[in-house]
Amino acid sequence: MAPGRRALDDEIRGHIAISIQERIERGEDPEAARLAAMKEFGNLLLTRESIESVWRPRWVETLFDFASDIRVAMRSLQHARGLAATVALMLALGIGANAAVFSVVRQVLFRPLVNRDAERLVYVRQKAPGLGSNNITFSMAEIRDLRAASTKLASFGDFSTLDFTLVGFGDPRVVKAGVVSGSYFEVMGLRPVLGRLIDANDDGAKAEPVAVLTHRFWTTALKRDASVVGRKIRLGSRIATVIGVLEPSLPWPADTELIANVVASPHHLGATMVMQRTHRMTELFGRLAPGATVAEARAELEAAHAVMMAQHPESYPASARTSLVVRPFRDQLTAPARNVLLMLLGAAGVVFAIACSNVANLVLARTVRRESELAVRAALGAGRGALRRMLLAESLVLCGTGAVLGVLLAQPLVGVVSRFAARFSVRALDVTVDPSLLWVGTGLALVAAVALAFVPRLPSSHATAAPRPAVAGLRITPGTGRRLQAFAVAQIALSFVLLCGAGVLLSALVAMQYAHTGYDMRRVLALDVPLPIEAYGKKAVDFFEETTRRIEALPGVEGVAISNFVPWRDAGIMGPGFRFTADGYDKVPGEEDPHGRLRIVSPGFFAVLGVPMLAGRDFDANDRADHEPVVIVSESVARQLFPNGNAIDHRMWWTDPYFGKPAPRRIVGIVADVDDENVVPGPALTVYHPLRQTPYGGRLFVHASGDPYALVAPVTKLIRGMNADQPVERPATLADVRGTVLAPERLNAFVLSGFAAVALLIAVVGVAGVLAFSVSARTREFGVRLALGSSRALVVRQVLVEGVLIATVGVAVGALGGFGLSRIGESYGHAPLALDWPLLGAAVLLIAAAVAASLVPAARASRVDVVQALRTE
Amino acid sequence: MAESPDDRRLELLQGTLDMLILRTLQWGPQHGHGIGQAIRTQSEDLLRVETGSLYPALHRLEKKGWLKAEWGVSEANQRAKYYRLTAAGKAQLLREQDRWSLLVEAIGRVMKVAPTGEE
């Protein structure tokens, strides 16, 4: 076996001692004998090292060689610190972006769910493209029908969301609560961390009201207080007992703070909820029966759904094109994020490709400069393998540094990207920095390193056989020059694609940001003053009117109004609208009645929000329950139903079954269109009811003469003074409400612009690098030209033209590629890409950047010292 | 002018050191220094093995199982590592000797052929 180091030293010492003894026996002087023996032995350490290497296994030996390769590479890179830093930084950007995005993608799309046997869970919903809605929940009547017909689903769980005023945990406030039947938690496969969950014993009107707290609410608001189990809380009008805390799970289908049983919600026991087929507010889940597949369950439920639709044609108008969707639970969770994440992954991939091609460029330029060094090494006997190994070691050092920096960079990026992805899927909420960062970073670095080591051409054996005359400086072969330019073109092309994407998103954002909304955005403060759903009635209206009167008396208040809807923030809560018609309106045969939005407003609402009255009058104190039913309509309603402009004093009525028997209402006024559902305003068919005739409100608007936010404290104090338990929430000006709604769009544009900016930066460095290299390679040429009388301006122009040419070709290639991509996008239903300002802007930006990048090398070309340049020849 | 021994010294042919070591050890176990000296004296000072080559070669042969090493004491009472030929080593020596004689004969034949043009 391999001898230890001490044994080797002993052996060597023995050798020398014997050698000395022999010399002394031959009559040499002891001191001289010792020196001679030492000299004869030669280098002790080297001998010992070569003995040790005999005993080392081959792979260890390879590793030792590799370590020394790396040492040499580090030394060699020390002479090119600027290049090494640039390369490492670019790779860091590329690797960091990819690692972060990949980590989020992996966790969002592929991490297992906490639900037991999550792959057996399905999500059921309806869609009605005719109503413009792809996600319609169920009514209890529909759920009863489906449940009765199903055998492939072992059990169903239902979940509906309701706002309750919660008293018992700190200040009274309105919380979002889930209402579930006893099968829900069993179907979803969730467990409690404390106490128990709602089960079949909690079903029925005789059960006690109980509530389960979500883990997030328990940990954040209640600081993990274990004594909450058994506590009594007030939920709206009922007293409920807290029976347990749910394990950490996704805040889905709704982010609620607690989940109650059906009996806790009087609304759920009411006739509307139980009987009304179109009262759809319940999410439906199912667990597959043993042996059943999703496809079987889908087929069965679709058949049952078709039967149900045939039995109740009044609830499923043909034009709505209602149908049933059954899909795996996990798909439903992640589908919205999938496209966005794949887009991000694509963008990150492009950045990596750009970074690599740029690094390849720099490395290529460097190898051309060291062609003579490589030739000398080859002449001294380094084989092609050894040269490649040297280059590989260098690129490994570069890429390794890049990977380390990239992984460091990726950690904060994971937060940014997951916050972004959380807009699309709740699964991104609990994304953490995980080890996949490390292995993605390492993998990418290895790919880059191997690719880079094979970029430079090695001196051919032919070249070494006939060494060319030793010329100071470097020669650049046309092939290398072309390759450099090709890389630069590729970078520009890829950057162009990214810049276009960012440009399109940015222009859409700008259009949204500056769209005219029709409201007085900055001076109107909106507040939620919600009442429990069962409290609405005459008393509620009295309360709101009294509140209005008192707030109007506050200093700095110019007007106060009540409504049931804060623009944009409440988008969707009223569903896709209701069908209505009017006398004198002849609909085209076979067509549906128009869908209108119903809004309930107090007198003065339009003045307070700055919406102009176009004709007729505003509501007033006489539009009461015991007077003639009246409405105000938006301009679009007036124009569409009364093309002759005589809407005032005609009557309209709702034809949707939700309203029961048609009750005609006289049109008393016309107001300008305002689109309170969409941030990009479109025409809006809106019908306004007076608050006194449809007692439902909960949204307070205050028009301020000064700073609207200064009114928040006095208004809250005033309302609490009237009713200490009344929640007053979410104060914001209309401008800020809209800003919040736009935040995801802004984040979208921001993230892609970030990628595009990185790509642009790298591409500019790339173009500058190529030109700088080409200038330094042509120093002699420029010297000769200048000596022959060429003007410096001409030389500068030539360099600039080369830069612009690279950029133009790059943009053209990018445009071709982008066009191809957009064709693919079209086939997936995206809008075709128009040749408008984002694209032109991206092209101009890139070419301008290329010119800027060419300026420094051009200036250097013009400063070529003629004498110096000629002397080197 | 007489040639000094240093001028006449021969470069060891590549691949022959192993054979020389095995051959030297045929007469019995020996330590590294002794092997070096034996090659030197038996070649009448024409071959001199550098310790930098000798020791790695000894260890290589030991690793291959042709030699076995054990600690012993030299005639001058010095602790030294002695190498001994194993059975496998003996077989290897025979193989190398055959190969060597074949090589010498082959090269000798080539070199002894008189150039026809000069006869």
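Since every read-out is calculated from the coordinates, none of them should be taken as a lab result. Please read these numbers as outputs of a predicted model, since none were measured by experiment. Glycine gets a Cβ as well: all are built from the backbone with ideal geometry, and neighbour counts include every protein chain shown.
Here are the numbers:
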item	result
Potential lengthening between residue A:784 and residue A:535 on full extension [0.36 nm per residue; Cα-Cα distance subtracted]	80.3 nm
Rg ratio (alpha-carbon, reference 2.2 N^0.38 Å) - the protein assembly as shown	1.44
Degrees between helix A:538-552 axis and first principal axis of chain A (Cα, 0 to 90, nearest 10)	60 degrees
Tilt relative to chain A, helix A:329-369 - C-alpha long axis, 0 to 90 degrees, to 10	30 degrees
Lys/Arg +1, Asp/Glu -1 at C-beta; the range A:647-750 dipole; positive extreme among A:749, A:681, A:653	A:653
Peptide A:319-326 - average C-beta neighbours from other chains (10 Å radius)	0
Relative contact order [Cα under 8 Å, 6+ residues apart], chain A, whole percent	15 percent
Length released on extending from residue A:388 to residue A:13, taking residue separation times 0.36 nm less the Cα-Cα span	130.9 nm
Shielding score for B:51-58, defined as the mean number of other chain Cβ atoms within 10 Å	6
Relative packing of peptides A:195-202, A:804-811 - highest average C-beta neighbours within 10 Å first	A:804-811, A:195-202
Relative exposure of B:70, A:300, A:119, judged by other C-beta atoms within 10 Å (fewest first)	B:70, A:119, A:300
Percent of alpha-carbon pairs separated by more than 20 Å within the range A:260-331	48 percent
Backbone HN-Hα couplings from phi across the range A:24-40 [Karplus 6.51/-1.76/1.60, Hz, Gly and Pro as x]	5, 4, 6, x, 7, 5, x, 5, 4, 4, 5, 4, 5, 5, 4, 5, 4
Check: the range B:52-119 dipole with +1 on Lys, Arg Cβ and -1 on Asp, Glu Cβ, in debye	500 debye
Amide hydrogen neighbours beyond the local backbone of residue A:674, cut-off 5 Å, H modeled	none
Subset of A:539/A:717; B:64/B:90; B:68/B:90; A:206/A:539; B:63/B:90; A:232/A:539 violating a 23 Å alpha-carbon distance limit	A:206/A:539; A:232/A:539
Nearest 10 degrees, 0 to 90: helix A:294-311 Cα axis against chain A principal axis	20 degrees
Whole-number percent relative contact order across the range A:118-334, with pairs defined as alpha carbons under 8 Å at least 6 apart	36 percent
Average beta-carbon neighbours from other chains, 10 Å sphere, peptide B:35-42	1
Calculated from backbone phi, Karplus (6.51, -1.76, 1.60) coupling profile of the range A:78-86 in Hz, x at Gly/Pro	4, 7, 10, 4, x, 4, 4, 5, 4
Under 5 Å, built H, 5+ apart or other chain: amide partners of residue B:67	B:62, B:86
Protection proxy ranking, peptides A:668-677, A:702-711, A:643-652, average beta carbon neighbours within 10 Å, highest first	A:668-677, A:702-711, A:643-652
Under the Karplus curve 6.51 cos²θ - 1.76 cosθ + 1.60, θ = phi - 60°, whole-Hz ³J(HN,Hα) for the range A:234-249, x wherever Gly or Pro sits	9, 10, x, 9, 9, 9, 10, 9, 6, 10, x, 10, 6, 5, x, 8
Protection proxy ranking of B:19-26, A:250-257 - average other beta-carbon atoms within 10 Å, highest first	B:19-26, A:250-257
Placed amide H near residue A:604: partners under 5 Å, 5+ positions off or other chain	A:619
